[in-house]
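Single-structure report; data block below.
The values are calculated or read from the model by the stated rules, or taken from the named source; none is laboratory data. Every value quoted in this text rests on a predicted model; they were computed, and no experiment measured them. Cβ placement follows ideal geometry from the backbone for every residue including glycine, while neighbour counts extend to all protein chains displayed.
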Protein chains: 2
Amino acid sequence: MATMTAEQRRRQAKLAYNAYVAECPSRQVLDAISDKWVTLVLSALDEGPMRYSDLARRIAGVSQKMLTQTLRMLERDGLLTRTITPSVPVRVDYELTPLGETILPVVGAIKQWSEAHIEQIHEARAGYDERNPS
Amino acid sequence: MATMTAEQRRRQAKLAYNAYVAECPSRQVLDAISDKWVTLVLSALDEGPMRYSDLARRIAGVSQKMLTQTLRMLERDGLLTRTITPSVPVRVDYELTPLGETILPVVGAIKQWSEAHIEQIHEARAGYDERNPS
DNA sequence: CCGTATCCTCCTCGATACTG
DNA sequence: CAGTATCGAGGAGGATACGG
């Protein structure tokens, strides 16, 4: 449309850019693993398969709702499998898939960088907060 | 308190666990870089210092508010510097610090894993959604 | 040019209660 | 045991308008 105002063109560009960013693989993966409980679940399962109740106990702060939601997301993304044993009472086991295992080194890299540099970050924050009170 | 109920003990444990997780270096760093605009800003600045308006143009989808907020966070964490030149009109330049540069490989690792495996994830999602309609 | 201030909306997440 | 259903508070983030 040649008759678009500059205003309209800017909005269009913004929408297009945001759609593009949303499709970005890095963005999708980052969104997935930055979820509060995801790394905790993945790390726990790295030590072997676990039942729902094991995970709930191990990750003490999580609510039932969030644990279930997190597990469903990870199952949907193919990072873990969910196996139901229809005994009474039922038993549900979760286990990392090979794909799920391949992402652990990435999480490990983040962990390593974090532990190596968190001190510097804290110092930077303290300095900044001192220079900028309020 | 020995007179605590089981209910109270569970709440205590949950609070303690959440406080512990909040302090975790990985958590803090993950929270920082998983922000929608952070990786885009860091990547842009990897190519060299930039003015505020350069960043705004380059990252087309961001609002002024979010761009400023993101830059302040990164400055506070010591990942970039902010230099004001009090000309008229003012000029503000942003530049990565050495610390900021060291985090780029981590972001790169995420990007690499994502691009290598996003296809598998999309297939897993499609399969899951087919098996679980609704 | 580089922001701040305000308002307003959506959406996440926890708490709680209930079920096969 | 392993969830689902519902509600409500709180925060993130965009739009808009204004300021140094």
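Here are a few things to note about the model shown:
- Filtered residues of the range B:110-122 (kept if within 15 Å of A:A32 (Cα to Cα) and among the hydrophobic types (A, V, I, L, M, F, W, C)): B:I110, B:W113, B:I118, B:I121
- Test result for B:I84, aliphatic (A, V, I, L, M) and in contact with a helix residue (DSSP H, G or I) (Cβ under 8 Å, 6 or more places away or on another chain): no
- You will find that of B:E95, B:E47, the residue that is surrounded by fewer than 18 Cβ atoms within 10 Å (Cβ to Cβ) and away from DNA strand C (no atom under 14 Å from the Cβ) is B:E47 and no other.
- B:A109 small (G, A, S) and surrounded by 15 or more Cβ atoms within 10 Å (Cβ to Cβ): yes
- B:V107 of a type in the set (A, V, I, L, M, F, W, C) and without any contact (Cβ under 8 Å) to a residue 24 or more places away in the chain: no
- Inspection of the range A:26-43 finds no residue satisfying the criterion of being near DNA strand D (Cβ under 8 Å from one of its atoms) and at pLDDT 95 or above.
- Restricting A:Y20, A:Y52 to residues that are more than 18 Å from the chain's Cα centre (by Cα) and either more than 9 Å from chain B (Cβ to nearest Cβ) or among the β-branched types (V, I, T) (or both) narrows the list to A:Y52.
- Conditions (1) within 14 Å of chain B (Cβ to nearest Cβ); (2) of a type in the set (A, V, I, L, M, F, W, C); (3) touching a residue at least 40 places away in the same chain (Cβ under 8 Å): number failed by A:A13: (3)
- Test for B:L71: is it within 12 Å of DNA strand C (Cβ to nearest atom), crowded, with 19+ Cβ neighbours inside 10 Å and of a type in the set (A, V, I, L, M, F, W, C): yes
Residue by residue, here is whether (1) within 16 Å of DNA strand D (Cβ to nearest atom); (2) outside the structural domain of B:L42 (by TED's automatic domain parsing); (3) under 20 Å from B:L30 (Cβ atoms) holds:
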site	(1), (2), (3)
B:Q69	yes, no, yes
B:T81	no, no, no
B:V90	yes, no, no
B:E95	no, no, no
B:L104	no, no, yes
B:V107	no, no, yes
